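Working notes, structure below.
The values are calculated or read from the model by the stated rules, or taken from the named source; none is laboratory data. All of these numbers come straight from a predicted model, not from anything done at the bench. Neighbour counts run over all protein chains shown; Cβ positions are idealised from the backbone, glycine included. These accessible areas exclude ligands, DNA and RNA; they are computed on the full protein's heavy atoms, side chains included. Shrake-Rupley method; radii C 1.70, N 1.55, O 1.52, S 1.80 Å.
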Amino acid sequence: MIIGNREFQTKGHTYVMGILNMTPDSFSDGGKWNERDRALRHVEEMLAEGADIIDIGGESTRPGHTFLPADEEMDRVLPIIEAVKAAFDVPVSLDTYKVRVAAAGIAAGADLINDVWGLKYDDGSANGINMPDGGTGREKGSAMAQVIAESGLPCCLMHNRKDTDYGEFLRDVAGDLEETLDLAARAGISRDKIILDPGVGFAKDYRQNLEIIRRLDVLDRLGCPLLLGCSRKSVIGLTLDLPADQRVEGTLVTTVLGVMKGAMFVRVHDVKENVRAVRMAEAILKE
């Protein structure tokens, strides 16, 4: 899979996506990097530690987060995307579920769209975006999907839903992701440009989060590479009874499991430690 100017294996190696939150209220590092020079220094640090891609987000998606208008989100992320692309030779992912932000981010140089609503947030309205088909996006079901398709960029599409009313949990998660893949196909997003994320911490209770991590490979049948994002999340905090800034070891365990289950990416805050964990796990598994 080509992301930016780099080719990534979809199988056989786990890459590390470093998180850059341009937010005052993210659950673990809110406010630390939301100033341009500090953000660039942090990117430089993550790259030195072995990050393969940088994921830039402007709105916290933690439980109970405050909704951010698209214009304000763009004010946060667009200058940073441009600055990172100008300063570093690294693929940049934009973490957004809003179609206007995605379109502007693509124009600013984003190489991948990371959508935590799996193309399902926008309600068929293009929200002021000129759609490729001249319509509103309603014709094919998802304006976000059409913007991504028109760009030709790869995307990471996460499992999420508005309720936790599951029948059979794993079957329903897979079914929800199949709906996302259908939206992508109808818009013309090529299957080989899609990464799927099981959505740890989103619309799942504690035991369901543990189960989807443990059974990650149940999603292999969908035919897309997987991203696992567990870094510092509440499932680790609840298990170990630790605050967000003390969850590195728990995160490393999930990263090793991601390697064992064949995840293409792990999305993390603590790059150095997770890169080392990936390398050690891969060395053991290849012997």
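Might you check whether a residue that is modelled with pLDDT of 95 or more, in a loop (DSSP other than H, G, I, E, B) and surrounded by fewer than 19 Cβ atoms within 10 Å (Cβ to Cβ) occurs anywhere in the range 136-146?
Scanning the range 136-146, I find no residue that is modelled with pLDDT of 95 or more, in a loop (DSSP other than H, G, I, E, B) and surrounded by fewer than 19 Cβ atoms within 10 Å (Cβ to Cβ), so the answer is no.
Conditions: (1) open to solvent by 30 Å² or more (accessible area, probe 1.4 Å); (2) modelled with pLDDT of 50 or more; (3) in a loop (DSSP other than H, G, I, E, B). Asp133 meets all but one. Number of the miss?
Answer for Asp133: the failing condition is (2).
Any idea how many residues of the range 14-61 are open to solvent by 30 Å² or more (accessible area, probe 1.4 Å), at pLDDT 90 or above and outside any helix (DSSP H, G or I)?
Count: 1.
Going by the structure shown, is Lys286 at pLDDT below 95, open to solvent by 20 Å² or more (accessible area, probe 1.4 Å) and out of contact with any Leu (no Cβ under 8 Å at 6 or more places or on another chain)?
On the way: at pLDDT below 95: yes; open to solvent by 20 Å² or more (accessible area, probe 1.4 Å): yes; out of contact with any Leu (no Cβ under 8 Å at 6 or more places or on another chain): yes.
Yes.
Of the residues Val256, Val235, Val200, only one is open to solvent by less than 60 Å² (accessible area, probe 1.4 Å) and in contact with a Phe, Trp or Tyr (Cβ under 8 Å, 6 or more places away or on another chain); which? Explain how you work it out, then say what you get.
Details: Val256 fails: in contact with a Phe, Trp or Tyr (Cβ under 8 Å, 6 or more places away or on another chain); Val200 fails: in contact with a Phe, Trp or Tyr (Cβ under 8 Å, 6 or more places away or on another chain).
None of the other options fit; the residue is Val235.
Quick check: is even one residue across the range 156-172 open to solvent by 30 Å² or more (accessible area, probe 1.4 Å) and closer than 24 Å to Val268 by Cβ?
Checked the range 156-172: no residue is open to solvent by 30 Å² or more (accessible area, probe 1.4 Å) and closer than 24 Å to Val268 by Cβ.
Residue-by-condition table, conditions (1) open to solvent by 10 Å² or more (accessible area, probe 1.4 Å); (2) closer than 26 Å to Glu7 by Cβ; (3) of a type in the set (A, V, I, L, M); (4) modelled with pLDDT of 95 or more:
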residue: Glu249; (1), (2), (3), (4): yes, no, no, yes
residue: Lys261; (1), (2), (3), (4): yes, yes, no, yes
residue: Val266; (1), (2), (3), (4): no, yes, yes, yes
residue: Val271; (1), (2), (3), (4): no, yes, yes, yes
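Could you please give the count of residues in the range 78-109 that are open to solvent by 20 Å² or more (accessible area, probe 1.4 Å) and among the basic types (Lys, Arg)?
2
Does Val266 meet the test of being hydrophobic (A, V, I, L, M, F, W, C), in contact with an Asp or Glu (Cβ under 7 Å, 6 or more places away or on another chain) and under 23 Å from Val116 (Cβ atoms)? Can you show your working first?
On the way: hydrophobic (A, V, I, L, M, F, W, C): yes; in contact with an Asp or Glu (Cβ under 7 Å, 6 or more places away or on another chain): no; under 23 Å from Val116 (Cβ atoms): yes.
Considered against the rule, which asks whether it is hydrophobic (A, V, I, L, M, F, W, C), in contact with an Asp or Glu (Cβ under 7 Å, 6 or more places away or on another chain) and under 23 Å from Val116 (Cβ atoms), Val266 comes out as no.
Among the residues of the range 45-89, how many are over 18 Å from the mean Cα position of the chain (by Cα) and charged (D, E, K, R)?
Residues flagged as over 18 Å from the mean Cα position of the chain (by Cα) and charged (D, E, K, R) within the range 45-89 amount to 8.
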